[in-house]
Amino acid sequence: MMATIDDPLIAATAAEPDLPPRRKASELIRRVAFNPIGGIGCTLVAAILIVAIFAPWIAPYSPTAINVRERLADPSLLHLLGTDQLGRDLFSRVVLGTQTAMTVALLSLGLSLAAALPLGLVAGYGPRWLDAALILVFDSLSSLPMIMLGLAMVVLLGPGIPTVILVIVVYSVPSYARLVRSQTLSLKARDFIKAEQAMNAGLGRILFRHLLPNVIGPLLILACLDLSTIITLEAGLSFLGLGVKPQIPSWGNILSDGFAVIRKTPVPVIAGGVPLVLATIGFTFFGEALRDALDPKLARERRP
């Protein structure tokens, strides 16, 4: 389930309309990295990103190369994680699956934020009738069961990475737009916005110079916390046959293939499940550490 503005992990940040004073990037990185949870999160996230970027050079074999003679081979120096029921090297499939997971997660997250920002700003700052109409759309999208939405998209568009991205975007935009809307509603009642309105400032100046910089912080924190959820959604859809095509290596496909032969060997399930767990822990810890570093309440408590 995606985090919301009522999620306790982001409640302190989302409830506070003021962002902390601008800090140097080095100071922010230091606060995140030297946080015990943040250090673990940064290490795992960095490792996942490195593997995703250099996956074609790290994988020793083609992830789709079939070798029936070596099917379900045990882990060895030749095949670090063994092979699956078709003789494909599991280590290579896990490595390329990391690239698939991060590609889907980052593309869907970027598209979700690009759609949610203008919708949330318009809903929060626009007229009441437009706000009510957009909230109705957000509520309608949020009420759709994830599995039913995935099934409908697969029937209409067929399985594949674009379909997975579209499902995640439709599922994610309402929560992000609601957060932007709530922040905008809080900010537009503040004195500096009223002063801009009294001076007949243009709508673009108010939205992009004053409102957007103040809503982007909580939105990015929510997005970081949701990255683990998005990766899990992609793996779940692929596991059910609604996501990435079977021939494309992904953690969900590895798990699905592994469960078919789990009575013979648990290695494929472990090989597909462990990276998913590590990615979930890494992005969750990183998001929490980033939330702590940007939370103005915690920042004031750290000051002597």
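If the segment from LEU156 to PHE54 were pulled out straight at 0.36 nm per residue, it would be longer than the present Cα-Cα gap by 33.3 nm. In this label model, SER140 and VAL68 are separated by 5.2 nm, measuring between points 7 Å along each Cα→Cβ vector. Here the mean projected area of the convex hull built on the C-alpha positions of segment 76-172 is 8.3 nm².
Here each label is just a point 7 Å from Cα along the line to Cβ, and for SER76 and ALA114 those points are 4.7 nm apart.
Every number here is computed from the coordinates shown, using simple stated rules; none is lab data. All values derive from a computational prediction rather than experimental measurement. Don't worry about glycine lacking a Cβ; one is built from the backbone with ideal geometry, like all the others, and counts go over all protein chains shown.
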